[in-house]
Structures are given as C-alpha cells and as structure tokens.
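In what follows, a structure is listed as structure tokens, so that the remarks can point back to it.
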Amino acid sequence: MYMKHRNHSISHKMTLTIIGVSSFFAVLTMLVQLIWNYQDSIDNATSDIREYSESILPSVAKSLWDVDRSLLSDLLSGLGMMPLVSSVHLDSIDGVTMQLGKPLLTDDESQTLFHYPVTYQDQLIATLTVGLDTNQLYYELWRQLIFIVLGNGLKTLLMIYLILTLVRLMVTDRLSALEDFTNKINLKSLKKLSVPETVTASPDEIAHVALSLKDMYQRIRNDLAINKRHQRALQQQQHLLSDLVKERTKELDWQSQSNQLLAEISLQFLSIDTCNVDKTLAEVCHKIGQLFDVERVSILEFHQQHAYYRSFWTSELHANKVQGISVDNITQLAKKLETESTLVIEDLEALKDFSPQEYEVMKSVGICSIAAFAIKNAGELLGLLSLSTVSRPLNWNAQKKNMLTQFASALNELLLREQKRAADDSAATSAGFC
C-alpha cells in the first residue's frame with residue numbers, strides 16, 4: 001500500500017513527468033538543431049563558394065587567356081582563403097594546371113567538390129574545381145554541440161529547481177498548512193475552523209486527508225453549533241420583542257401627549273376671548289411644531305384670492321414668510337385641498353414636474369417638505385394649517401395624519417366662531433348698536 005501511494009504521489013509523478021518530458025524535448029531539440037545547423041552550414045558555405053567563384057570566373061578566364069599567372073594565382077589564392085575551402089584546382093584545355101590546398105581524389109570523403117566551367121568569348125578554356133572541407137564542417141558542428149549540451153544541462157538544472165519548487169508549493173507547504181489547522185483544534189471551545197484552500201485545491205492524497213479531518217471536526221462540533229443556533233434564535237426573538245415593545249411604547253407615549261395637547265387646546269379654544277386669538281394661535285403653533293418635530297408651523301387665511309399669515313412659528317433663527325401669496329400660484333394645491341382636505345408632500349422634488357408653480361413658491365422660501373390641512377366653511381376653503389421642514393423630508397404616517405386632522409378641526413371651529421363673531425359685531429355696528 002505504501003509503494004502504491006508512493007508511486008501515485010505528487011512529487012513522484014511530477015518528477016517522472018518533468019524528467020521524461022524535458023529529456024524527450026532536449027534530445028529532440030538537439031537533433032533538430034544539429035540537423036538545422038548542418039544543413040544551414042552547408043548551404044551557407046556552398047552559397048558563399050558559388051557566389052565568390054562565379055564572381056571571379058570572368059577574371060580567371062581573362063588572366064588565363066592573357067597568360068597572366070600572377071593575377072591568376074592571386075585570384076585562386078583568394079578563393080582558397082575562404083572558410084571551409086580545402087582545395088582549389090584549375091585545369092585548362094591548354095594543359096595549364098594550378099593546384100592549391102589538398103589534392104583532388106575521387107574517393108576522398110573529407111571534402112565535397114564543386115566544378116565551375118571557365119569560358120572566354122563563349123569558348124570553354126578551363127575547369128575550376130573547389131573543394132569544401134567536410135572535416136572542418138563537422139568540427140564546427142561538434143563545437144556547436146558542446147554549447148547545445150551545456151545549454152540543455154542548464155535547462156536540466158533549471159528543471160530540477162522547478163521540481164523542487166513545485167514539490168515545496170504542492171506538498172511541503174500544504175502539509176505545513178494542514179499541520180497548522182490540526183494544531184488549532186480545541187475541543188473545549190470548538191470554534192469554527194476552515195481548512196486552507198491551498199490544501200484542498202487539488203484532489204490528491206493531501207486534500208483527502210484534510211477533508212477527512214475537516215469532516216471529523218465538523219461532526220464533533222455539530223451538537224454545540226445546534227445549541228448555539230437555538231440560543232441565538234432565542235436572543236433574537238427577545239431583542240425583536242424588546243424593540244417592538246419600545247416602539248409601541250414610544251407610539252403610545254406620543255399618542256398620549258398628542259391627546260393631552262389636543263384636549264388642552266380644545267378647552268382653550270372653547271374659553272378663549274376672541275381678542276386674544278392671535279396670541280393663542282401663536283402658542284398653539286409652537287406646541288404643535290414641537291410635538292410633530294417640524295421646523296415651521298403656519299396658519300394661513302385666504303381673502304380675495306390671496307393667502308395671508310394668521311400665525312407663524314419656526315425653530316430657525318432667520319426665516320422669511322411668503323408674503324402676498326396668490327391663490328393663482330398654488331391652484332393645483334388649492335384644488336386638492338378642496339377635495340381631500342389633506343395634503344402631505346414628504347419630498348418637495350416630487351412636486352417639481354407635477355406643479356411647477358407651487359414648487360417654485362415653496363422652493364423660494366426653502367421649504368423641503370410640507371403637510372397641509374384645509375380649514376373650510378361649508379365646503380369653501382378659508383385657509384390651511386401647514387407643517388413644513390427646510391432641512392430634511394417629513395417622516396409622516398397615518399397616526400400623525402389622523403392626529404393633526406383633529407388639531408385642524410379644532411382650529412377650524414375656532415376660526416369659524418371668530419368669523420361668526422366678527423360678522424355679528426359688524427351687523428350690530430351697522431344697525432347702530434354699541
């Protein structure tokens with residue numbers, strides 16, 4: 001079993017694979033490179049000899065025809081000094097023969113012969129034979145082979161280093177990480193642990209061992225985890241119940257304060273002297289603003305298509321009222337108040353496209369959001385109670401809307417009584433009574 005695992009180990013498989021592949025490609029590369037170099041050397045040498053020989057053939061023919069042996073000797077010597085040229089032989093039809101280098105032998109395998117005809121005025125006058133030194137060519141190839149072998153040796157060393165590096169990364173480091181995982185296991189605390197991904201990334205024997213340890217540890221801590229989940233669920237339910245109680249208590253406290261304030265205002269409105277209405281309205285606006293956590297509270301009355309402030313309260317240091325508001329500029333809002341009696345705009349930007357005139361009027365005094373409640377007399381819109389903010393949107397709900405509607409109703413009754421009292425006084429004055 002040990003030998004079986006050893007033969008299938010990562011390091012063993014990687015070592016054999018890399019050595020086999022690198023050796024195969026190294027030998028293949030050397031063979032291809034040697035064949036390529038050999039053929040390339042022959043082609044280059046042959047091409048050089050041919051080009052040089054063909055370039056001097058006219059001069060050789062001329063010097064041979066003119067019997068200029070000095071020039072002829074120089075030309076053949078220059079050809080003989082070319083690399084890999086072992087012999088140069090000139091044989092004319094007149095019996096003139098010149099020989100440089102090795103003698104020409106038909107069975108000599110140490111050189112390859114190239115024959116070039118020498119012509120003068122379209123007449124063959126001699127034959128130039130050039131010998132290529134194959135021994136020198138082989139020597140050069142052997143020298144190249146040494147460099148090739150050295151290069152492949154360096155690559156082999158590099159492969160060995162690569163193998164050791166891969167073994168360290170894929171085996172040694174992963175085993176060290178697995179050891180650290182096992183050392184962190186504490187049966188007393190059983191905290192959540194996870195096997196490093198580097199250990200289980202590859203499905204080999206190390207990964208199998210790591211997953212087995214992980215499964216064993218998971219089974220041990222399952223019961224504790226279940227108990228902890230139940231405890232957390234119970235604590236969450238307790239927190240939710242506590243938050244619900246706090247929220248409901250807060251709502252009930254606010255409702256109680258609202259009802260108390262509504263009762264006080266209603267009693268105050270019943271016993272109020274009509275001469276002190278404006279002072280009372282200012283106090284009421286202040287209390288409503290604090291209760292509903294807004295920045296402005298105003299009571300407006302409509303007379304002859306214009307809105308006038310009857311009372312105004314603000315928490316701002318410097319706040320300007322909208323003077324001389326024409327009902328024509330808030331036509332859409334006025335119609336909505338006539339039909340629904342209540343208008344809540346939590347974000348003024350939503351009004352920009354729907355009612356641009358109303359948007360500009362409110363934007364000019366910095367209003368960010370508004371809740372308005374109509375004051376009517378037999379369906380006629382007499383004014384409105386408005387709550388607004390300038391720094392944040394309104395946080396409105398049905399409870400606030402219902403409560404503020406009751407405040408508006410109480411205010412509506414007060415203003416109607418004041419209007420009736422004013423009408424009675426005017427009638428009495430017209431009739432001549434004091």
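Among Leu71, Leu64, Leu79, which is the only one that is touching a helix residue (DSSP H, G or I) at 6+ places or on another chain (Cβ under 7 Å), part of a helix (DSSP H, G or I) and farther than 16 Å from Thr127 by Cα?
Unique residue meeting the criteria: Leu71.
Which of the residues that make up region 35-52 are exposed (fewer than 15 other Cβ atoms within 10 Å of the Cβ) and more than 11 Å from Pro83 (Cα to Cα)?
Ile35, Trp36, Gln39, Asp40, Asp43, Ser47, Arg50, Glu51
For region 387-398, does any single residue satisfy the condition of being under 17 Å from Glu301 (Cα atoms), modelled with pLDDT under 80 and either of a type outside the set (A, V, I, L, M, F, W, C) or surrounded by 22 or more Cβ atoms within 10 Å (Cβ to Cβ) (or both)?
No, region 387-398 has no match at all.
Is it the case that some residue within region 224-232 is touching a residue at least 40 places away in the same chain (Cβ under 8 Å) and over 27 Å from Cys368 (Cα atoms)?
Kept after step one, since they are touching a residue at least 40 places away in the same chain (Cβ under 8 Å), are these residues of region 224-232: none.
No, the conditions are met nowhere in region 224-232.
Please list, ordered by first then second residue, the pairs with beta carbon atoms under 7 Å, 6 or more apart or interchain, first in region 40-69 and at pLDDT below 80, second of a type in the set (Asp, Glu).
Ser41/Glu140
Is it fair to say Leu193 is over 29 Å from Gln399 (Cβ atoms), under 40 Å from the mean Cα position of the chain (by Cα) and either modelled with pLDDT of 80 or more or in a helix (DSSP H, G or I) (or both)?
Values: over 29 Å from Gln399 (Cβ atoms): yes; under 40 Å from the mean Cα position of the chain (by Cα): yes; either modelled with pLDDT of 80 or more or in a helix (DSSP H, G or I) (or both): no.
Taking the combined requirement at face value, the residue does not satisfy it.
Scan Thr342, Thr389 and give me the residue that is touching a helix residue (DSSP H, G or I) at 6+ places or on another chain (Cβ under 8 Å) and either more than 23 Å from Leu267 (Cα to Cα) or small (Gly, Ala, Ser) (or both).
On the way: Thr389 fails: touching a helix residue (DSSP H, G or I) at 6+ places or on another chain (Cβ under 8 Å).
It is Thr342.
I'm told Val297 meets every condition in (1) modelled with pLDDT of 75 or more; (2) within 50 Å of the chain's Cα centre (by Cα); (3) assigned to a helix (DSSP H, G or I) except one. Can you identify the failing condition by its number?
(3)
Given (1) of a type in the set (D, E, K, R); (2) farther than 18 Å from Thr119 by Cβ; (3) out of contact with any strand residue (DSSP E or B) (no Cβ under 7 Å at 6 or more places or on another chain), identify the lone condition not met by Asp94.
With (1) of a type in the set (D, E, K, R); (2) farther than 18 Å from Thr119 by Cβ; (3) out of contact with any strand residue (DSSP E or B) (no Cβ under 7 Å at 6 or more places or on another chain) applied to Asp94, the lone miss is (2).
The values are calculated or read from the model by the stated rules, or taken from the named source; none is laboratory data. Note that this is a predicted model, so its numbers are computed, not measured. When we count neighbours, we look across all protein chains shown, and the Cβ atoms used for this are built from the backbone with ideal geometry, even at glycine.
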